[in-house]
Every structure is written in structure tokens, then in C-alpha cells.
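Structure, as C-alpha cells:
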Amino acid sequence: MSKQIDIKDLNIYYGDFQAVEGVEMQIKPRSVTAFIGPSGCGKSTVLRTLNRMHEVIPGASVRGEVLMDGSDIYGAGVDPVNVRREVGMVFQRANPFPTMSIKENVLAGVRLNNKRLSKAEADDLTERALRGANLWNEVKDRLNLPGSGLSGGQQQRLCIARAIAVEPEVLLMDEPCSALDPISTLAIEDLINDLKDKYTVVIVTHNMQQAARVSDKTAFFNIAGTGKPGKLIEFNDTSVIFSNPEKEETENYISGRFG
Amino acid sequence: MLTTSDTTPSRSRSLTSKQLPKATPWVIAVASIIVAAGISFLGLGRFSITVTAVLAGALNAIAVFAISAAYEGRRKAVDRVATTVVSSTFVLACVPLISLLWLTVSKGGAALDLNLLSRTMLGMKGILDQQYVAGEAGLAGGFYHAIVGTVLITLAACVISIPVGVLAAIYLVEYAGKNKLGKAITFLVDVMTGIPSIVAGLFAFALFSTIAELVMPAAAGVAKTGFTAAVALSVLMIPIVVRNTEEILRLVPMDLREASYALGVPKWKTIVKIVLPTSVSGILSGVTIAIARVIGETAPIMVTAGFAKTLNWNLFSGWMSTLPTYIYDSQLRPVSPGDAAIASSERAWAAALVLVALVMILNLLARVIAKVLAPKAGR
């Protein structure tokens, strides 16, 4: 239950402005891939093209191919809704649905996709997803309370539970720990390690230690200057990127000699 | 090197300063009112509320400044005067509201009874009012028909304008983006907000007259129905509903929509299941504001539904009265001329009280609903 992603000559535009240029990448199933790079270099944009979420922004468009196990998610007749059912996403800011309880939040994806669940199935899925997100023990006694009453780190794990409850093939995470304290961050990093047994995980992070800790492969993006498109500079095993990168630009960035 | 006390013993800045006791502003305010009342009494020879209020306001500001400046210093004195001015303005703003409510309750409450609420103007004659004024009988007549008319016409207006308004707002926020249709709708809604209500009434009447002419020629006046009035009110209501709903929908964070899309939920379902439930309390308060705005309309009802004297439950045929047109009619065309016209006036005040109560109940209801449906953030 996880897929390989092949990105071929991906160019991303916002209106006339080209945000990202010529990305080539192969993301293996059951691995964690980290995207690092300075702000505005297009790493979140690339991440959002992997489940066609960038289309939510008016005027955004894409040229190139993103193949999931060989089929192009930008091919003719592809419904973005179906793509997003295969590729889940966790956002920078935890965003549980405010009108729903913890349990309803976990089940939201399944219920809103027209699947009828018996009570036993719903209970079972809730427990599985919350255990999968390492949150079960903390919330099992208050499943019917609003999700917005949890702490920031718990809310983020609730969002992860919500994303894995629909059983996607791929899980995208856009700076999932940037608003969290070190302990919650640790909980989520542990979780990412567990998740890669089942899912293909792609994570955007500003924290290079985090990239080094959790990922198998790392992609470094950079931007030549304001108004220029972002580019993929180097994509390699995480150990190589952080010890012996091929490009000087990467070396400068990870060692803090940037700019 | 910066060291503490031993090198800078001379700089002993105090953190405490002189402060007037907490009750001082109140004492000054009461004293100002008493002094102002005294001056008014001595100067005019009688007690005048207006003169007292103006004098008391001025005296209070001067006294607060003088006392505070002498004791606490200039900065605090200015602060206290600013506080005084702001609070007085608030009191001033409340005066019309409270006096209006007081007048309605005292005048309307005196006349209001169950008879008025349960009777219509059926069989009303001037002689009955003359008997009432002469003290020979109770107040005759009533406005049950006007209450029914108000409720029916307002309900019909809601049935038309809430779906149209809310759906138009959803289109504007969720679908239109910056396209031309969206801009055109926004512009038209802005224009509609400014339409005088009588024009909306004339429009609805003209529209239904034209239709009536086509369906059954020479049937003049058949277009004057409660439903025509409801359409006229909808013209006034829709822009308010669109505006309020639009603002509320824009407050729903984009995060929530994205979270839903990322779960593979289609757009329409995201709107129905995520966006609307999150904003429903705000939408309902907006709708209530719109209802409160149109329930008191007089002019568009007069030209569309006429003035009914009797009960009419049928929105689609015959004249209807609402509370505002009943009040207008009673004041302008009393049942009995001369001294006995006061009876009509009393009925009008009672109707006004009922109308104000209806609006207030609506507002309270909206608050309760908003509170019940609002997203909970409890721990």
C-alpha cells in the first residue's frame, strides 16, 4: 500500500509567473523524502503539485508529468478528487474541523467520501487511525470532545490520524512541526518513522536536523533570486547530502554558509 | 560597567504616584449633576433636563480635569477627561434607544391587551371608539390580522431571499474568484443595497401587475397580494443576506477547505459539510439582521398588499395588513374623527409595541441559535 512517484520535467506556474522549473525526481515507495531549501524556493509548491492541491490557488498551472506507479496524475480525464484520495496531506498549521469532535475529525475523510460505516467499523477505524498517529492513549477518553480543545501537537497528530484514516498511498507533510515544541516534534518524527512502513512519505521542512533524522532521501531546492523560478539543486541519499554533497550550493546551505 | 545602587544612589525614581480614590469620578459626576440642576433651577426658575444635562456634562469634564491635574498630574488628568468624554458619548448614544423603548412600552403597554391581539378590525365603526373615549365601553378592534400578515409576508420573504442570498454568497466566495460575473454580482448587490424601499415595492407591484394583465386582462388590482409584498421585501432582503453571508464565508479559514480537499472530498461537499457548518451561526445572525430590517418596512407593503381590515391567511389573493401598515393606517386614517381618534392612536401604539417585541425576540433567538451552533473550543 504505497506508490512510487516519478516527477518528470515539472514546471509550475502561478499565472504568468514561473515558480518552479524543471524538477526531475524519483520517490521510492515506503521511504521518507525530505524537501529542504530556503523560503520561497518552491519546495512547498512542488509538494502541493503531488496531490494537485496547488490548483486550489487561482491561476496555478503545471507543465510536465507526475507519475504515480506509472500513471500521470496530470493526464487527461484525471479527477483531482481521486488523486487526493490516494495522496493524503498534512499541513503546516494543524487544522482540525472546528465543528467536529475528535472522533468525527478522524472519520471525516471516510464519511465525507460517502462511505457508510457501521458503529463497530467506525470505532475500529478511529482506534486504528489514532493509534497510527500515536494519539490514542491521550484522547481515548474524550473522543466526543471538540478536536480544537487539544494542544497544538495533539491537533497536528489528529490531522495525521485524519489523513491516514482514508488509507492513502502517499502522505505529504508540509512543515508539520514548524509550529510545535521539541517534544511534540519528537512525537511526530517517531510517527513518521513508523509511517514509512506503510506509506510513501514526503516532508517539507526548514529544520535540517529533522531532515537528517527522519528521511532516507533529501532534495535540496534553491532559488537564484527574487522573481526567478526555484530549482531542484540536488537530490540524493540523506547521508550523502549531509556529509558529502555533490554541489557546492548544497554544501553552503547545509553548513550555514548560505548566500 | 553598569553597576547598581552604590554608583547611582541619587537616581531614586519612584514607581508609585499619587492617585485619586476609585470613587472620585462618580462623586464628581453626582456633584456636577446636583450643581447643574441647581443652576438650572435658579437661572430658569424651573427644572430643565436638557439644561441640566448639558451643564452637568461640561461641569463634570472641567471638575475632573481640575481636580485630577491638581492632585495626580497633567497626564492622568487628560486620561480622565478622555475617559469621561467617551463614557458620556456612550450614554448620549443610549438616550434615543432607551427613550424610544420607554415611550413604546409605556404608551403601547397601556393599551395592549389580549383582545387587541386576538381581534381584527372587522365591523369596526367610529361609534365604538367614541363610546370608548366616553368611557362607556372597552377599546374595540385589534390587529390580529396585522400580526398574521407580518408573520406570513416576512416568512414568505425569507423563503425567497435566504436561499437566493446564501447561494449567491457561496457562488461569490467559493466559485467566482475574480471573474467578471462575480464582479457584476457584487456591483449589483451594492446597488440593490441602496434601493429605496418604496421603489422595491413599486417594482414588485409593476411586475405582478404585468403578469396579472397577461394572465387575466382587465383584472386591475389583483396583483395586490401578500406574495407581491413578500417579493418586494425580498428585493430589500437579498442584498443584505448576500453581503452578510459573504463576509462570514470569507472568515472561514482557507486551511479548513484545503484540509478537506486533501482528504479527497469534492468541492461541493466541502462547502456543505465543512464551510457551512463552520459559519452557520454567523450566517443566521446575518439573516436575522436582514429580517429585522424588513419586518418594519411600511412603504413597500402599502403599495403591494394594500390595507386589509380583516384576517387573510392567503398570501396569493386579497389584501393584507402588516403591523407597520396597520400603525400607519391607524394614525393617518383614524376610525373615528375628532377626539375619538385617540382610540386609533392607542391601537397603533400597542401594535408598535408588538412590532418592537417581535424584532427583539428575533434578535434574542438569533443570539441563542448562534451560541448553540457556534464551533466549540472547549477543553
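The values are calculated or read from the model by the stated rules, or taken from the named source; none is laboratory data. Since the model is a prediction, treat every value here as computed from it, not as a measurement. Every residue, glycine as well, gets a Cβ built from its backbone with ideal geometry; the counts of neighbours run over all protein chains shown. For accessibility, only protein heavy atoms count, side chains too; no ligands or nucleic acids. Shrake-Rupley method; radii C 1.70, N 1.55, O 1.52, S 1.80 Å.
R0 = 35 Å: FRET efficiency of A:Glu55 with B:Ala370, Cβ-based, nearest 0.05?
Working: r = 34 Å, r/R0 = 0.97.
After rounding to 0.05, the efficiency reads 0.55.
Take every DSSP beta bridge whose two residues both sit in the protein assembly as shown, then give the antiparallel share in percent to the nearest 5.
55 percent
Helix A:152-165 versus the longest principal axis of chain A: what angle, 0 to 90°, nearest 10, using Cα atoms?
The two axes meet at around 90 degrees.
Counting only protein heavy atoms and using a 1.4 Å probe, what share of the accessible area of chain A belongs to carbon plus sulfur, as a whole percent?
Values: 5060 of 10970 Å².
On chain A, the fraction of accessible area on carbon and sulfur atoms equals 46 percent.
Please list, by residue number, everything in segment B:131-172 whose backbone N is under 18 Å from a paramagnetic label point 7 Å out along Cα→Cβ of B:Thr310.
B:141-149
For segment B:227-379, what is the accessible area per residue in Å² when the probe is 1.4 Å?
41 Å²
Of the accessible area of chain B, with the probe set at 1.4 angstrom, what percent is carbon plus sulfur?
72 percent
Tell me which trypsin sites (Lys or Arg not before Pro) from segment A:159-259 have a DSSP coil assignment and no more than 13 other beta carbons within 10 Å of their own.
Here the sparse-neighbourhood loop sites are A:Arg257.
Under 14 Å from a point placed 7 Å out from the Cα of A:Ile183 along the Cα-to-Cβ direction: which residues of segment A:113-145 have their backbone N that close?
Under 14 Å, as judged by backbone N against the label point of A:Ile183, lie A:138 of segment A:113-145.
Taking a probe of 1.4 angstrom, what is the accessible area of B:Thr50 in Å², to the nearest 10?
Its accessible surface works out to 100 Å², give or take rounding.
Classify the protein assembly as shown as rounded, prolate or oblate from the Cα gyration tensor: take a ≥ b ≥ c as the square roots of its eigenvalues, call it rounded if a/c is under 1.5, otherwise prolate when a/b beats b/c and oblate if not. Could the numbers behind the result be given before it?
Values: a/c = 2.82, a/b = 1.57, b/c = 1.80.
Judged from the Cα gyration tensor, the protein assembly as shown comes out oblate (a/c at least 1.5, b/c at or above a/b).
Need the per-residue list for segment B:240-264: every residue with at least 40 Å² less accessible surface in the complex of protein chains than in the chain by itself, probe 1.4 Å, sorted by number.
B:Asp255, B:Leu256, B:Glu258, B:Ala259, B:Tyr261, B:Ala262, B:Leu263, B:Gly264
At 30 Å minimum axial length over the Cα atoms and a Kyte-Doolittle cut of -1.0, report the qualifying DSSP H helices in chain B, or say none.
The qualifying helices are B:49-71, B:74-111, B:144-170, B:226-251, B:341-373.
With N set to the number of residues, divide the alpha-carbon radius of gyration of chain A by 2.2 N^0.38 Å and report two decimals.
1.01
How much FRET efficiency would the formula 1/(1 + (r/R0)^6) give for A:Asp9 and A:Asn113, where r is the Cβ-Cβ distance and R0 is 25 Å, rounded to 0.05?
About 0.15, to the nearest 0.05.
Is chain B best put as rounded, prolate or oblate by its Cα gyration tensor, with a ≥ b ≥ c the root eigenvalues, rounded for a/c under 1.5, and otherwise prolate when a/b is larger than b/c, oblate when not?
Oblate shape, in that a/c is at least 1.5 and b/c is the bigger or equal ratio.
When the chain is fully extended, how far beyond the present Cα-Cα distance does B:Arg46 get from B:Val159, taking 0.36 nm per residue of separation?
Roughly 35.1 nm would be gained on extension.
Under the classification rounded if a/c is under 1.5, otherwise prolate if a/b is larger than b/c and oblate if not, where does segment A:73-154 fall, given a ≥ b ≥ c as square roots of the Cα gyration tensor eigenvalues?
Here segment A:73-154 falls in the prolate category.
Suppose only helical runs count, i.e. DSSP H with n ≥ 4. What mean residue ellipticity at 222 nm does that imply for the protein assembly as shown under -39500 (n - 2.57) per run, divided by all residues and rounded to the nearest 500 deg cm²/dmol?
Theoretical 222 nm ellipticity from helices: -18000 deg cm²/dmol.
Please give the residues of segment B:179-194, grouped as numeric ranges, whose backbone N is less than 17 Å from a label point set 7 Å along the Cα-to-Cβ vector of B:Ile289.
B:189-194
Please compute how much accessible surface disappears when A pairs with B, both sides summed, using a 1.4 Å probe, and round it to the nearest 100 Å².
2200 Å²
Please work out how many pairs of lysine residues in segment A:149-259 are eight or more positions apart (or on different chains) and have Cα atoms closer than 20 angstrom.
Lysine pairs satisfying the spacing and distance rule in segment A:149-259 number 6.
Starting from 0 in steps of 5 Å, tell me what percent of the Cα-Cα pairs of segment A:130-197 lands in each bin.
4, 16, 30, 27, 16, 7, 0
Given a Förster distance of 30 Å, report the FRET efficiency between A:Ser243 and A:Arg93 from their Cβ-Cβ distance, rounded to the nearest 0.05.
Computed FRET efficiency for A:Ser243 and A:Arg93 comes out at 0.35.
Given points 7 Å out from each Cα along the Cα-Cβ axis, report the B:Leu181 to B:Lys22 separation in nanometres with one decimal.
Label-label distance for B:Leu181 and B:Lys22, simple model: 6.1 nm.
Where in segment A:143-187 does accessible area fall by at least 50 Å² between the isolated chain and the complete protein assembly, at a 1.4 Å probe radius?
Residues passing the criterion (a loss of at least 50 Å², heavy atoms only) are A:Gly149.
Counting other Cβ atoms within 10 Å of each Cβ, which trypsin sites (Lys or Arg not before Pro) in segment B:166-199 have at most 11 and sit in a DSSP loop?
Those satisfying the criteria are B:Lys178.
Against the longest alpha carbon principal axis of chain A, how many degrees, from 0 to 90 and to the nearest 10, is the axis of helix A:102-112 turned?
Computed tilt is about 70 degrees.
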